[in-house]
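Report on the structure given below.
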């Protein structure tokens, strides 16, 4: 009899534990679905996309609201909550920390300053940098935000988005000219993105700053849209140098992608 009782207790614990894990997985899945939908959704939309019954979604969303990760809007729809910002900022810093050894290798092999940037909303934010050893070098402070249309990393990050999404983003941000070479029309920018897809890398040719060239590639399968780049004086980052640097960039991006996947696993 005591054995039977212990067995029942263990079984209950196991069932409860597995239920808790399942709820956690479902809650994170709902948060990711909300992010994919632009940050605000209705319960019926979540039910349709996740396949979960409405009562289950309602219960999970109530918990997320209490925790501050989701908020309910006056129109009864649900939006991602402000508490996620803190997690996101910490995760971005951590992503930059993981990337630094790979950026350091880029500097060693190319001689130019290496950067990592993420797409955050409609803006590009730099999360890591390793400077070149040259006395004349490029410097972009970590945390700096720029618009995507005038940067190599911006092109690399937007290249695989549908054209209508790119146009919508550009209409929200505008396309101010940072230099006389900045692309300032949506059609011109979409043509540049087509070139990125063809070549497998992006170029900022004096478009953000006169005298500076930047080469960038996206990091495949990154947990959040990320790109790495090198930047240097146009006199050093020439067409001939581009042929030598791009394969290094692509190799480092692939290795960083694998490292991030293993960290997440």
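The values are calculated or read from the model by the stated rules, or taken from the named source; none is laboratory data. Bear in mind the structure is a predicted one, so any value in this text is a computation, not a measurement. Because the Cβ atoms are built from the backbone with ideal geometry, glycine has one as well, and the counts that use them run over all protein chains shown.
Among the candidates 196, 203, 153, 142, single out the residue that is in contact (Cβ under 8 Å) with a residue 60 or more places away in the chain and within 21 Å of residue 106 (Cα to Cα).
That would be 153, the only listed residue that is in contact (Cβ under 8 Å) with a residue 60 or more places away in the chain and within 21 Å of residue 106 (Cα to Cα).
Quick check on residue 27: is it in contact with a helix residue (DSSP H, G or I) (Cβ under 7 Å, 6 or more places away or on another chain), under 30 Å from residue 237 (Cβ atoms), surrounded by 12 or more Cβ atoms within 10 Å (Cβ to Cβ) and modelled with pLDDT under 90? Spelling it out, it is not the case that residue 27 is in contact with a helix residue (DSSP H, G or I) (Cβ under 7 Å, 6 or more places away or on another chain), under 30 Å from residue 237 (Cβ atoms), surrounded by 12 or more Cβ atoms within 10 Å (Cβ to Cβ) and modelled with pLDDT under 90.
Selection within region 187-216: residues that are within 22 Å of the chain's Cα centre (by Cα) and within 15 Å of residue 162 (Cα to Cα). The member of this set that is surrounded by the most Cβ atoms within 10 Å (Cβ to Cβ) is 189. Set side by side, the residues 146, 107, 130, 142 differ, and just one is more than 13 Å from the chain's Cα centre (by Cα), over 24 Å from residue 255 (Cβ atoms) and in the same structural domain as residue 244 (by TED's automatic domain parsing), which is 146. If the condition is being closer than 16 Å to residue 118 by Cβ and touching a helix residue (DSSP H, G or I) at 6+ places or on another chain (Cβ under 9 Å), then region 153-172 contributes 154, 155, 156, 157, 158, 159, 160, 161, 169.
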